[in-house]
Amino acid sequence: MHKLLQEQKGAKIMLLGNESIARGAIEAGVAFATTYPGTPSSEISLNLFQISQESDLYFEYSTNEKVSLEVAAAAANSGLRTLCMMKHVGLNVAADPLMTLAYVGVKGGLVIISADDPFMFSSQNEQDNRYYAKLSGLPMLEPSCVAEAKEMMIQAFDLSEKLQEPVIFRTTTRINHSSAFVDLGNIKPRIVKGRFERDPFNYVTVPAVSRNLHVKLLKNIKKAALESEASALNFINGDGPFGVICNGVSLSYVSDAIKDLKVADKLKVLRIGFSNPLPENLIKKFLADCRKVLIVEEGEPFLEEAVKAMAQEAGLTLEIKGKSDKLFSRLYEFDPAMVRTSIANYFDLPDKPGIAVSTDDLPEIPARPPNLCAGCSHRATFYEVKTAANEMSLDTIYPTDIGCYTLGFLPPLSMGDFVICMGSSVSSACGFAKATDQKVVAFIGDSTFFHSGITGLINAVFNNHNITLVILDNSITAMTGHQPNPGVDMNNFNLSGYGQVKIQEIVKAAGVKHITMIKPFKVKKSISEIKKALEYKGVSVIISQEICSLYAKSIKQLSDRSFYITDKCKNHRDCINEIACPAFFLDADQVKIDAVACVGCAVCAQICPENAILPLPKKQS
Amino acid sequence: MKITRLIIVAVGGQGNLLASKMLGEAALSAGIPVHMSEIHGMAQRGGVVESSLVFGDAESTIISNGEADILLGFEPSETLRALNRCNKNSTVITSLAPIPPFTVAIGKGVYPDLEQLQKLIRSRTCELIAFNALDLAKQAGNIMSTNMVLLGALIQTNILPISADQIKTAIKTKTKKIFLDVNLKAFDLGFEAALKFSGE
Ligand code: SF4
């Protein structure tokens with residue numbers, strides 16, 4: 001049985017934040033779950049995907065976050081408890097349904113998880129999604145630790161049903177990827193079939209209907225404000241003349257700082273866990289009781305601006321600070337010492353001195369940047385496109401997209417010139433092609449193509465842009481941990497009852513006239529095919545098909561031979577300098593291949609001018 | 001309860017997350033509160049994996065610069081890179097088996113000299129326990145048991161509020177049967193290796 005399905009109420013187990021959140025949803029009786037995977041949220045959905053295979057929970061990987069939320073909206077309006085999870089930037093994609101779903105509301109509880117990523121451990125920006133709650137008018141809850149995340153999920157479902165509105169549950173990476181002990185609770189039985197009651201004058205958002213629905217939303221926000229005011233999720237700890245207001249993970253840094261500085265008698269803390277609408281009366285009362293207040297929140301001054309406005313309304317003139325040069329930054333994430341020092345400085349308390357050893361004079365430590373895996377098919381495709389374009393002396397722009405292949409922008413491949421969001425490769429290519437005379441070759445992965453590349457491609461065909469789109473089809477969503485996507489053969493997951501969508505059929509149906517299929521591990525043939533596609537005026541698409549080597553390894557589909565370098569090697573190092581596969585290393589200045597890392601793609605063997613790279617007889621297992 | 005802060009740094013694939021989980025389980029059975037956090041964004045693509053474990057009455061799951069009581073490094077250059085997490089009272093345990101980053105493997109960077117590296121760490125911290133954990137893992141029967149070797153050394157220092165028996169129980173519950181003997185042997189070898197340093 002899946003560990004998150006165990007009944008044992010009262011048992012204490014060690015859980016990752018994302019597991020704790022998934023368990024919370026299970027305890028709340030979630031019956032329907034949708035997602036598009038994205039770090040740091042991915043393990044929530046991964047666990048629910050596994051659970052769905054051994055229970056009556058419905059789970060789906062949707063094609064993108066917008067689709068995911070629309071599917072979820074229907075389930076919730078059929079009365080089912082529904083969870084829809086995504087990373088913070090995913091909510092941008094889902095923002096369209098979000099805004100009007102707030103008008104329409106829900107019947108069964110709907111919780112939308114936004115996993116924010118301060119410091120951008122694995123994201124293109126660090127936007128603060130608390131503003132989505134304000135923008136949409138939806139209630140927002142934010143846990144401060146792993147154990148609380150589970151309890152708060154249950155409260156989020158209850159709140160959603162009570163208010164008949166979706167609730168946004170916001171986490172940050174440090175909640176998702178921390179582990180702690182969690183007490184298991186009862187699992188509420190799932191209700192897996194609902195019924196949709198037709199009610200077009202509340203569901204069909206034509207202007208006349210929406211005008212009424214907006215009135216309803218505003219009323220709901222008032223009700224939510226009363227809930228927030230009374231909620232135990234907004235609480236005050238401690239006592240003293242000084243005040244700290246904080247949210248999320250910052251609470252743990254603040255609590256540790258108070259202990260470290262031994263100032264429990266001087267500081268009280270207001271933790272905001274229900275952060276939209278804010279508990280106005282509670283905050284005003286708290287401010288009235290403080291001599292001076294510090295706001296500790298990662299990201300934007302969301303609380304700070306609201307709290308200052310409240311102080312003004314209440315006619316309070318105490319000093320309130322948060323973001324400033326000397327205190328907290330809007331950048332990145334916080335850490336315990338940073339919070340402790342800011343508290344000490346602001347309230348004029350003795351701080352613990354910094355004690356880190358000096359490291360200024362350490363020898364330079366070589367960087368360890370992430371790299372495409374040994375035998376990754378993307379490396380081969382990038383090399384081939386680059387070689388083809390060089391041989392044709394093209395002045396190229398390479399817009400790329402979001403996935404493992406984004407790493408191709410690093411030298412020596414240097415294939416990636418522009419990326420802003422999922423799907424931007426093909427659409428930005430359209431703009432570059434019109435605005436310049438350069439040749440534009442865009443890269444997109446299979447999952448990203450399904451996510452948001454198709455509309456850009458249709459745009460290219462309709463507006464007749466002169467671009468080449470390379471679809472890197474490795475039959476899996478690799479970057480986020482090998483989730484399925486619509487192009488994947490679900491037999492690989494031992495699952496039946498799924499459809500499968502062929503990329504080349506979509507490309508053809510979109511009206512692309514020049515379509516080339518390549519097998520990237522056949523270097524010469526691929527280069528000559530790529531050249532033809534690059535010559536074509538108009539939209540040409542190259543579909544480069546080869547399974548992700550890491551995934552192939554995990555499903556035991558990897559060929560069983562590795563390569564080695566014979567003494568024919570003249571040490572030109574073309575292999576290292578041009579494709580930089582991590583299976584290479586230098587030993588006494590000679591290039592060698594690590595037989596354990598090598599997966600036998602044979603790309604290097606085909607580019608070695610001396611034919612010095614040969615397969616080993618049979619890999620020792 | 002006293003707070004003890006441990007940072008573990010490793011290269012993707014060295015099994016430090018499993019080692020952290022075992023420490024967490026052992027703490028659970030010992031009744032010691034523990035908060036852990038991990039950063040493993042691109043671990044499978046050869047990047048650095050870092051976990052932090054805070055034992056005792058603290059709530060933070062991460063550790064600021066200078067505040068680690070123990071730094072456990074699975075790879076020497078990564079240990080050195082994380083040295084700013086230590087203070088003069090910290091204990092550092094590191095394997096001396098290098099996994100050169102790809103930049104070094106292709107001649108685009110210089111790997112730090114291991115003697116100098118040890119001297120540097122020793123001069124700035126309270127104690128350095130450094131040995132080739134890979135060799136011991138091989139001796140135990142599986143290069144994948146480096147993490148167990150290092151766990152053994154970690155427990156031997158007695159800085160964590162966790163006993164060898166408690167961690168061994170966790171190893172038993174978290175290890176596949178066929179690897180169990182190797183893992184326990186690797187643990188013992190690491191424990192003994194660290195023991196030699198305590199005499200110094
Ligand atoms: S996980 Fe797959 S797609 Fe990603 S770098 Fe590795 S081989 Fe390439």
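The values are calculated or read from the model by the stated rules, or taken from the named source; none is laboratory data. Here the structure is a predicted model, which is why all the values come from computation and not from measurement. Neighbour counts are summed over all protein chains in view; Cβ atoms, including those assigned to glycine, are modelled from backbone coordinates with ideal geometry. The area values use the complete protein model at the heavy-atom level, side chains included, leaving out ligands, DNA and RNA. Shrake-Rupley method; radii C 1.70, N 1.55, O 1.52, S 1.80 Å.
Here are the numbers:
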quantity: Any hit, the stretch A:422-432, residues being within 11 Å of chain B (Cβ to nearest Cβ), crowded, with 23+ Cβ neighbours inside 10 Å, farther than 17 Å from B:ILE106 by Cβ and out of contact with any strand residue (DSSP E or B) (no Cβ under 6 Å at 6 or more places or on another chain); calculated: no
quantity: Check on A:PHE274, in contact with a Lys or Arg (Cβ under 6 Å, 6 or more places away or on another chain), more than 12 Å from every other protein chain (Cβ to nearest Cβ) and crowded, with 22+ Cβ neighbours inside 10 Å; calculated: no
quantity: One residue from B:ASN132, B:ASN158, B:ASN147 being surrounded by fewer than 17 Cβ atoms within 10 Å (Cβ to Cβ) and within 15 Å of the chain's Cα centre (by Cα); calculated: B:ASN158
quantity: Flag if A:THR406 is away from the ligand (no atom under 16 Å from the Cβ) and either assigned by TED's automatic domain parsing to the domain that holds A:SER526 or in contact with a Gly (Cβ under 9 Å, 6 or more places away or on another chain) (or both); calculated: no
quantity: Cross-chain or 6+ apart pairs with Cβ under 7 Å, the stretch B:128-143 first and part of a helix (DSSP H, G or I), then among the basic types (Lys, Arg); calculated: B:ALA140/B:LYS185
quantity: Test: residue in the stretch B:5-19 that is surrounded by 22 or more Cβ atoms within 10 Å (Cβ to Cβ) and among the small types (Gly, Ala, Ser); calculated: yes
quantity: Residue list for the stretch A:375-395, filter: in contact with a Leu (Cβ under 9 Å, 6 or more places away or on another chain) and more than 8 Å from the ligand (Cβ to nearest atom); calculated: A:THR381, A:PHE382, A:TYR383, A:VAL385, A:LYS386, A:ALA388, A:ALA389, A:MET392, A:LEU394
quantity: Pair list, Cβ under 6 Å, 6 or more apart: the stretch A:57-75 residue in a helix (DSSP H, G or I), other residue aromatic (Phe, Trp, Tyr); calculated: A:GLU65/A:TYR36; A:SER68/A:TYR36; A:ALA75/A:PHE32
quantity: Given (1) within 14 Å of chain B (Cβ to nearest Cβ); (2) assigned to a helix (DSSP H, G or I); (3) surrounded by fewer than 18 Cβ atoms within 10 Å (Cβ to Cβ), index of the condition A:VAL254 fails; calculated: (3)
quantity: Every residue from the stretch A:583-593 that is surrounded by 16 or more Cβ atoms within 10 Å (Cβ to Cβ) and at pLDDT 90 or above; calculated: A:ALA583, A:PHE584, A:VAL591, A:ILE593
quantity: Neighbours by Cβ (under 9 Å, 6+ apart or cross-chain): first from the stretch A:409-429, part of a loop (DSSP other than H, G, I, E, B); second among the basic types (Lys, Arg) and buried (at least 23 other Cβ atoms within 10 Å of the Cβ); calculated: A:LEU413/A:ARG379
quantity: Condition check for A:ASN129: open to solvent by less than 10 Å² (accessible area, probe 1.4 Å), within 14 Å of chain B (Cβ to nearest Cβ) and in contact with a strand residue (DSSP E or B) (Cβ under 8 Å, 6 or more places away or on another chain); calculated: no
quantity: Pair list, Cβ under 7 Å, 6 or more apart: the stretch A:370-389 residue more than 11 Å from chain B (Cβ to nearest Cβ), other residue within 15 Å of the ligand (Cβ to nearest atom) and among the acidic types (Asp, Glu); calculated: A:SER377/A:GLU546
quantity: Unique residue being outside the structural domain of A:LYS266 (by TED's automatic domain parsing) and more than 16 Å from the ligand (Cβ to nearest atom) when the list is A:ASP335, A:ASP401, A:ASP361; calculated: A:ASP361
quantity: Condition broken by A:ARG573, with the remaining ones in (1) touching a residue at least 24 places away in the same chain (Cβ under 8 Å); (2) open to solvent by less than 80 Å² (accessible area, probe 1.4 Å) satisfied; calculated: (1)
quantity: Any chance A:ARG130 is under 23 Å from the mean Cα position of the chain (by Cα) and not aliphatic (A, V, I, L, M); calculated: yes
quantity: Elements of type strands (runs of 3 or more DSSP E) contained in the stretch B:4-83, each with 1 or more residues being more than 8 Å from every other protein chain (Cβ to nearest Cβ); calculated: B:4-11, B:48-55, B:68-73
quantity: Flag if A:ASP265 is outside the structural domain of A:PRO139 (by TED's automatic domain parsing), surrounded by fewer than 17 Cβ atoms within 10 Å (Cβ to Cβ) and not hydroxyl-bearing (Ser, Thr, Tyr); calculated: yes
quantity: Evaluation of A:ALA388 against (1) farther than 28 Å from A:ASN577 by Cα; (2) among the aliphatic types (A, V, I, L, M); (3) more than 27 Å from the chain's Cα centre (by Cα); (4) assigned by TED's automatic domain parsing to the domain that holds A:VAL470 (one fails), failing number; calculated: (1)
quantity: Selection count where residues are crowded, with 19+ Cβ neighbours inside 10 Å and of a type in the set (S, T, N, Q), scope the stretch B:90-117; calculated: 4
quantity: Members of the stretch A:102-121 found to be open to solvent by 40 Å² or more (accessible area, probe 1.4 Å) and assigned to a loop (DSSP other than H, G, I, E, B), listed by number; calculated: A:LYS107, A:PHE119, A:MET120, A:PHE121
